[in-house]
Amino acid sequence: MDEVAKVMSMKRVCIFVVIVAVLVSCQTKRAAQTDVLAVKLDNLTGMEERRVKWIEMREFLWTHWVAKKRANLLLTSVSKEGRTTHAEYRIVLLSGLLMLKVTFVRDRISHQEQVIPEPDGGYEAYIVERVLSKNPRGVGEDAKATMLAGDAVVPPADYWLRFKGWGDTVITYF
């Protein structure tokens with residue numbers, strides 16, 4: 001009877017190992033299907049380098065949006081005062097629907113000098129458009145920005161992304 005118990009126990013261990021291997025494999029495949037771009041901007045980043053990074057981020061988001069591919073843009077910004085903000089721009093597919101989910105987390109320093117991440121809002125965009133404009137920000141909602149066709153070949157330095165929520169409401173320009 002002792003031998004039967006050992007065999008049964010060994011079978012259970014083998015089944016458990018196989019299940020864990022399958023789950024890890026599925027998780028790895030899912031993670032592999034999501035492209036990630038990590039960018040850091042701080043006061044040591046020069047203006048030209050900053051401009052190039054924004055162009056790279058815009059192109060990354062746009063190419064994944066039109067290809068309907070999952071993507072994560074992780075942007076870490078450090079102000080000249082040293083305050084750190086982490087922004088995640090995540091393109092997700094929900095039953096064939098594309099969504100850009102944006103979350104912000106700001107680091108707070110405790111009185112014991114510990115970094116405490118604090119959620120600081122976010123939004124969901126369901127429409128991402130390219131607009132031809134030098135700088136659509138700061139000129140109001142009535143800004144004259146030319147919307148580009150989805151298949152128009154335009155360098156990312158020449159366009160901005162416009163994020164919209166439900167009801168065609170403009171959330172922001174990126």
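Counting just the residues of region 119-154 that are farther than 26 Å from THR63 by Cα and surrounded by 10 or more Cβ atoms within 10 Å (Cβ to Cβ), which one comes out modelled with the lowest pLDDT? Of everything passing the filter in region 119-154, VAL139 is modelled with the lowest pLDDT. Cβ separations smaller than 8 Å between residues 6+ apart or across chains give the following pairs from region 98-119 residues that are among the aliphatic types (A, V, I, L, M) to residues that are assigned to a loop (DSSP other than H, G, I, E, B) and surrounded by 10 or more Cβ atoms within 10 Å (Cβ to Cβ): LEU98/LYS68; LEU98/TYR126; MET99/TYR126; LEU100/TYR126.
Looking at region 44-51, can you tell me whether even one residue there is among the hydrophobic types (A, V, I, L, M, F, W, C), closer than 21 Å to TRP160 by Cβ and either outside any strand (DSSP E or B) or not assigned by TED's automatic domain parsing to the domain that holds LEU161 (or both)? It would help to see each step written out before you state the result.
From region 44-51, those among the hydrophobic types (A, V, I, L, M, F, W, C) are 44, 47; that's our starting set.
With closer than 21 Å to TRP160 by Cβ added as a condition, the list becomes 47.
Of the ones still in play, those that are also either outside any strand (DSSP E or B) or not assigned by TED's automatic domain parsing to the domain that holds LEU161 (or both) are 47.
Looking through region 44-51, at least one residue is among the hydrophobic types (A, V, I, L, M, F, W, C), closer than 21 Å to TRP160 by Cβ and either outside any strand (DSSP E or B) or not assigned by TED's automatic domain parsing to the domain that holds LEU161 (or both).
Table: residues versus (1) at pLDDT below 95; (2) closer than 19 Å to TRP160 by Cβ.
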site: HIS64; (1), (2): no, yes
site: LYS68; (1), (2): yes, no
site: LEU73; (1), (2): no, yes
site: GLY82; (1), (2): yes, no
site: HIS86; (1), (2): no, no
site: ARG90; (1), (2): no, no
site: SER95; (1), (2): yes, no
site: LEU100; (1), (2): no, yes
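Do we have VAL102 as aliphatic (A, V, I, L, M) and in a helix (DSSP H, G or I) here? Answer is no for this residue.
Each row is one residue, and each column tells you yes or no for (1) under 25 Å from ILE127 (Cβ atoms); (2) surrounded by fewer than 17 Cβ atoms within 10 Å (Cβ to Cβ).
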site	(1), (2)
GLY46	no, yes
VAL52	no, yes
ILE55	yes, yes
ALA67	yes, yes
LEU73	yes, no
GLU81	no, yes
TYR89	yes, no
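The values are calculated or read from the model by the stated rules, or taken from the named source; none is laboratory data. Since the model is a prediction, treat every value here as computed from it, not as a measurement. Heads up, the Cβs are rebuilt from the backbone with ideal geometry, glycines too, and the neighbour counts pull from every protein chain shown.
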